[in-house]
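*Asks:* One structure coming up, written as structure tokens, with questions to follow.
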Amino acid sequence: MAAKKKNNTEPGYGELAAELDEILSGIEEGEVDIDDLSVKVERATELIKVCREKLNATQIRVQKVVATLEEEEDDDEEWEADDEDDSEGEDTDEESDDESEEDDEEI
């Protein structure tokens, strides 16, 4: 199944994470001017919040999908069990008929 592409201009998780990595690398390597440091840290904080929101939203969607699949699997198992019960009942009826025929022959 192909991933759906969003029509809006909201950046994806990968793009946000890449920007965050770039900011953090710049800070760690001392490439960020002290005058820009607070702006970069604020932007990094915003990026972290948005990434967390995206992760949480994705986790919720995945849990819903998994729950739906599990419900469908449970329903399938119930149907299979019902079918087995029905076929076992049919076998019992047939066996009873066979036994009745054998009893008739003995008489």
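The values are calculated or read from the model by the stated rules, or taken from the named source; none is laboratory data. This structure is a prediction, so every number in the text was calculated from the model and none was measured. Quick reminder, even Gly has a Cβ in these numbers, built from the backbone with ideal geometry, and neighbours come from all protein chains shown.
*Asks:* What are the residue pairs meeting all of these: first residue in segment 42-60, first residue free of Cβ contacts under 8 Å to residues at least 24 places away in the same chain and under 11 Å from A17 (Cβ atoms), second residue surrounded by 11 or more Cβ atoms within 10 Å (Cβ to Cβ) and not polar (S, T, N, Q), Cβ atoms under 9 Å, and 6 or more apart or on different chains?
*Replies:* Within 9 Å, no pair qualifies.
*Asks:* Among the listed residues L20, L37, L69, L47, which satisfies the condition of being touching an Asp or Glu at 6+ places or on another chain (Cβ under 7 Å) and either modelled with pLDDT under 95 or not β-branched (V, I, T) (or both)?
*Replies:* L47 is the lone residue from the list that is touching an Asp or Glu at 6+ places or on another chain (Cβ under 7 Å) and either modelled with pLDDT under 95 or not β-branched (V, I, T) (or both).
*Asks:* Here is a follow-up. Given the structure, is E31 assigned to a helix (DSSP H, G or I) and either of a type in the set (D, E, K, R) or touching a helix residue (DSSP H, G or I) at 6+ places or on another chain (Cβ under 6 Å) (or both)?
*Replies:* No; evaluated as a whole, the condition is false for this residue.
*Asks:* Just checking, how many residues over segment 35-82 are more than 15 Å from the chain's Cα centre (by Cα), of a type outside the set (D, E, K, R) and farther than 20 Å from Y13 by Cβ? Let's see the steps before the verdict.
*Replies:* Start the filter on segment 35-82 by keeping residues that are more than 15 Å from the chain's Cα centre (by Cα), which leaves 35-53, 74-82.
Checking the rest, the ones that are also of a type outside the set (D, E, K, R) come to 37-39, 41, 44-45, 47-48, 50-51, 79, 81.
Next cut, farther than 20 Å from Y13 by Cβ only: 37-39, 41, 79, 81.
Selection size over segment 35-82: 6.
*Asks:* Condition (residue is in contact with a helix residue (DSSP H, G or I) (Cβ under 7 Å, 6 or more places away or on another chain) and at pLDDT 95 or above) applied to segment 54-63: is it met by at least one residue?
*Replies:* yes
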